[in-house]
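S.K.: I have a structure I would like to understand better, so I am pasting it below and will then ask my questions one at a time.
Please treat every number below as a calculation from the coordinates, not as lab data. If you're wondering where the values come from, they're calculated on a predicted model, not measured in any experiment.
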Amino acid sequence: MKTPAQAAIYGGTAGIAYDPCYHQACDTFDNVSLIGLDQMSDAAAHAVLVMSRTKVDISITTATQPTLRSSTAIRPDFLPHEDDATR
């Protein structure tokens, strides 16, 4: 349910379900937001790209910290560097 604070920030009506068709008979593929699907699939593709271009070991070795493999772990430009050919 949308709270009054959420309605004030994002619009809509407080006390109404975010998706009135959720787990109802009207919850079908005909009720899919193609704009939302497009935006979320783009976001997922971007996340995969970013993670594939980092040198971060995502296997967690402690409860909170991943292990970095190198000092150039995250590159803001995501472009190959000269030293990539030797790796």
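S.K.: Once fully extended, how much extra length lies between residue 48 and residue 10, figured as 0.36 nm per residue of separation less the alpha-carbon to alpha-carbon distance?
M.R.: Here the segment from residue 48 to residue 10 would lengthen by 10.9 nm.
S.K.: Does the stretch 1-54 classify as rounded, prolate or oblate by the C-alpha gyration tensor (a ≥ b ≥ c root eigenvalues; a/c under 1.5 gives rounded; else a/b over b/c gives prolate, otherwise oblate)?
M.R.: Verdict is oblate for the stretch 1-54.
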